[in-house]
Amino acid sequence: MNLIGIEIGGTKLQVVVGTAAGEILVRRRRDVDRASGGAGIRAQIAAVLPELLSAYQPAAVGVGFGGPIDWRSGRIECSHQIAGWAEFPLGDWLREQTGLPVAVDNDANVAALGEARFGAGVGADPVFYITMGSGSGGGLVVNGALYHGAKPGEAEIGHVRLDRQGTKFEDRCSGWAVDRRLRAAAQANPGSRLAALLGAATGGEARFLAPALADECPVARQILAEVADDIAFGLSHVVQLFHPEIIVLGGGLSLVGEPFRQAVAEVLPRYVMDSFQPGPRVVLAGCGEDAVTIGALALAGSGGGSEKVG
């Protein structure tokens, strides 16, 4: 049985055809034009669907959307990055476009489902997934199903406060936040290997963190230690409240790889109460950058909102 999985983010759009086993058969990827807003993204989706519907005869559609939504109805609450999505009935619109059953959920939730079913979380329960890309988000899977809680139902770790002054997790741990830290550190240490790697880059600086670490740059090591400490502190609240067996690190920042995973894993126990030691395993996402699309296929194949837990 073929299915359609859609990822709608702040920088990219992906429409894939695959199976309920998480196998991607064909992919259509488009860059998002922020200026064209939600209407532009919908036009991109509408342009690729007819070909995929005709060639692959999918049975259902699953969607991971980058923002808060009403997962029961598929209505978008808003997008924090792209205008033109507020109160849009995405589920109804896609049903009109395809004539198929449609399930829509927050992209971090969908990625959590993908990792729990087919990625690094296989065999663990509960599974908590955190994404650190343009923003920060989370998802919790219990007994193989998404935990939603009360509406709108996202595990919004990005909005967890790190201090009483209102600093949010996302303010310090998103990809964009790490980009800012790296720029500031390079400017303050112009002779460092990190500064040499960044050069005149004006975006996506986090991609230079891994090679700077590989070159044993002390400035890069300090940035990694600071970021890992903030992430671990935020995740400690998840551990105290939900006791996941495993925490999966995803998003662009996770591409730093093993040094990043190890740094978070080493710091996390410091913030977890003694009776919960040693705490959950911390692992890198197994589905990589396909966590949302693979999760969207799982969502389509399992009926989406009918799997509510909690």
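Structure data summary
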| quantity | calculated |
| --- | --- |
| Long-range neighbours under 9 Å by Cβ, at least six apart or interchain, first residue more than 23 Å from Ala60 (Cα to Cα) within the range 81-93, second β-branched (Val, Ile, Thr) and surrounded by fewer than 17 Cβ atoms within 10 Å (Cβ to Cβ) | Gln81/Thr11 |
| Meets criteria (assigned to a helix (DSSP H, G or I), crowded, with 16+ Cβ neighbours inside 10 Å and out of contact with any Pro (no Cβ under 8 Å at 6 or more places or on another chain)) for Ala155 | no |
| Positions within the range 212-242 being surrounded by 14 or more Cβ atoms within 10 Å (Cβ to Cβ), of a type outside the set (A, V, I, L, M, F, W, C) and out of contact with any helix residue (DSSP H, G or I) (no Cβ under 6 Å at 6 or more places or on another chain), in sequence order | Arg221, Gln222, Glu226, His237 |
| Unmet requirement for Ser54, which otherwise passes all of (1) without any contact (Cβ under 8 Å) to a residue 60 or more places away in the chain; (2) among the polar types (S, T, N, Q); (3) under 18 Å from Ala155 (Cα atoms) | (3) |
| One residue from Ala108, Ala103 being closer than 15 Å to Ile294 by Cβ, in contact with a Ser or Thr (Cβ under 6 Å, 6 or more places away or on another chain) and either outside the structural domain of Arg281 (by TED's automatic domain parsing) or surrounded by 17 or more Cβ atoms within 10 Å (Cβ to Cβ) (or both) | Ala108 |
| Gly149 being out of contact with any helix residue (DSSP H, G or I) (no Cβ under 8 Å at 6 or more places or on another chain) and either more than 29 Å from Val227 (Cα to Cα) or among the small types (Gly, Ala, Ser) (or both) | yes |
| Selection status of Leu268, under 16 Å from the mean Cα position of the chain (by Cα), within 21 Å of Leu162 (Cα to Cα) and either of a type in the set (Phe, Trp, Tyr) or crowded, with 16+ Cβ neighbours inside 10 Å (or both) | no |
| Residue in the range 267-285 that is farthest from Ala212 (Cα to Cα), counting only those that are modelled with pLDDT of 95 or more and in contact with a strand residue (DSSP E or B) (Cβ under 9 Å, 6 or more places away or on another chain) | Pro280 |
| Selected residue (only one of Arg164, Arg183 is part of a loop (DSSP other than H, G, I, E, B) and more than 18 Å from the chain's Cα centre (by Cα)) | Arg164 |
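The values are calculated or read from the model by the stated rules, or taken from the named source; none is laboratory data. From a predicted model like this one, the values you see are computed outputs, not experimental measurements. When we count neighbours, we look across all protein chains shown, and the Cβ atoms used for this are built from the backbone with ideal geometry, even at glycine.
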